[in-house]
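These notes are about the structure you will find just below.
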Amino acid sequence: MPPNLTGYYRFVSQENMDNYLRALDINVILRKVVCLLKPDKEIIHTGDHMVIRTITSLRDYVMDFDLGVQFEEDLGPVDGRKCQTTVSWEGDQLVCEQLGEKRNRGWRHWLEGDQLHLRMTAEDEVCVQVFQKVK
């Protein structure tokens, strides 16, 4: 049975964010700003329904979805694109596939103790973020 990811998580670290954003064609000024942000995550996980809020001082981003059901995700706040997105479990990892203009786009969330890990991919770039559960 997959873990319940419900909780509030504070940013700890990230690696390779600038190259990941470059792969999404984000302009250099916005890349520099985003790399300075320290986002928090709030996850509400109820059965097959999830809400994931990424909270920053610049802008929040909310994903509200049912597991295993494809939906159109408006990534306008991120890079101006729309994707056909499906989120499902692969073992203990929550896996998101975002089909659209960019090859190999998506992410994975998993827990290691009280830390939430996020691995984001676009084209050949990988960005990893780590968050600490606080409640």
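A short reminder: the numbers here are calculations on the coordinates, not readings from a lab. In this text the structure is predicted, and so the values were computed from the model without any measurement. Here Cβ is always computed from backbone atoms with ideal geometry, including for glycine, and neighbour counts include all displayed protein chains.
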Exercise. Net charge near T85: determine it from the other residues with C-beta under 12 Å of the C-beta of T85, scoring Lys and Arg +1 and Asp and Glu -1.
Key: -3
Quiz item: For the stretch 5-131, what is the relative contact order in percent, using Cα pairs closer than 8 Å and at least 6 residues apart in sequence?
Solution: 25
Practice problem: Give the longest segment of the chain that steers clear of GluC sites (Glu not before Pro) in DSSP loops with at most 15 neighbouring Cβ atoms within 10 Å, not counting the sites themselves. | Solution: 1-100
Self-check item: Compactness index (Cα Rg / 2.2 N^0.38 Å), the chain
Solution: 0.99
Exercise. Counting residues in the stretch 1-81 as N, plug N into 2.2 N^0.38 Å and put the Cα Rg over that result.
Key: 1.22
Exercise. On a C-alpha basis, how far is the centre of the stretch 45-60 from the centre of the stretch 72-103 in Å? Whole number, if you could?
Key: 14
Quiz item: Rounded to the nearest 500, what is the chain's calculated 222 nm mean residue ellipticity when only DSSP H runs of at least 4 contribute -39500 (n - 2.57) each, over all residues?
Solution: -3000 deg cm²/dmol
Practice problem: Kindly write out, for the stretch 65-70 in residue order, the coupling ³J(HN,Hα) from the Karplus curve 6.51 cos²θ - 1.76 cosθ + 1.60 (θ = phi - 60°), rounded to whole Hz, with x marking Gly and Pro. | Solution: 7, 9, 4, x, 10, 5
